[in-house]
Amino acid sequence: MARIRYLLDENMSHGVRDQLLYHEPTLRVLCIGDDMAPALGTPDPLILDWLEKNDYILISRNRKTMPAHLNQGILSI
């Protein structure tokens, strides 16, 4: 069974990761800027590419730019 893996966008508090891991220590949770994650300031389209290649789910509060990038990705399928 594949484990669910999360990437927290840079606009998310690292406290979210702490709480997720507190309740489910086996989760894989990275934050933008972590060693194995995209760097801080990575453009949204590159983050979406990274998510797809690495099989992570994004947790974000970015309602300004991310929805448009998500729609572009969906429309290009």
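Of all residues in the stretch 1-17, how many are closer than 18 Å to ARG61 by Cα and out of contact with any strand residue (DSSP E or B) (no Cβ under 9 Å at 6 or more places or on another chain)? Can you show your working first?
Of the stretch 1-17, the ones closer than 18 Å to ARG61 by Cα are 5-17.
Now narrow it down to the ones that are out of contact with any strand residue (DSSP E or B) (no Cβ under 9 Å at 6 or more places or on another chain): 11, 13, 15.
Number of matching residues: 3.
Can you name the residue in the stretch 37-77 that is over 15 Å from LEU8 (Cα atoms) and in a loop (DSSP other than H, G, I, E, B) and is also modelled with the lowest pLDDT among such residues?
Top of the filtered list is ILE77.
Got a number for residues in the stretch 23-36 being over 12 Å from the mean Cα position of the chain (by Cα) and either on the phi > 0 side of the Ramachandran plot or surrounded by 10 or more Cβ atoms within 10 Å (Cβ to Cβ) (or both)?
The total comes to 2.
Within the set of pairs 6 or more residues apart or between chains, which connect a residue that is in a strand (DSSP E or B) inside the stretch 7-33 to a residue that is small (Gly, Ala, Ser) with Cβ atoms less than 9 Å apart?
Listed pairs, sorted by first residue: LEU7/ALA37; LEU7/SER60; LEU8/ALA37; LEU8/SER60; LEU30/ALA37; CYS31/ALA37.
The values are calculated or read from the model by the stated rules, or taken from the named source; none is laboratory data. Source: prediction; values computed, not measured. Here Cβ is always computed from backbone atoms with ideal geometry, including for glycine, and neighbour counts include all displayed protein chains.
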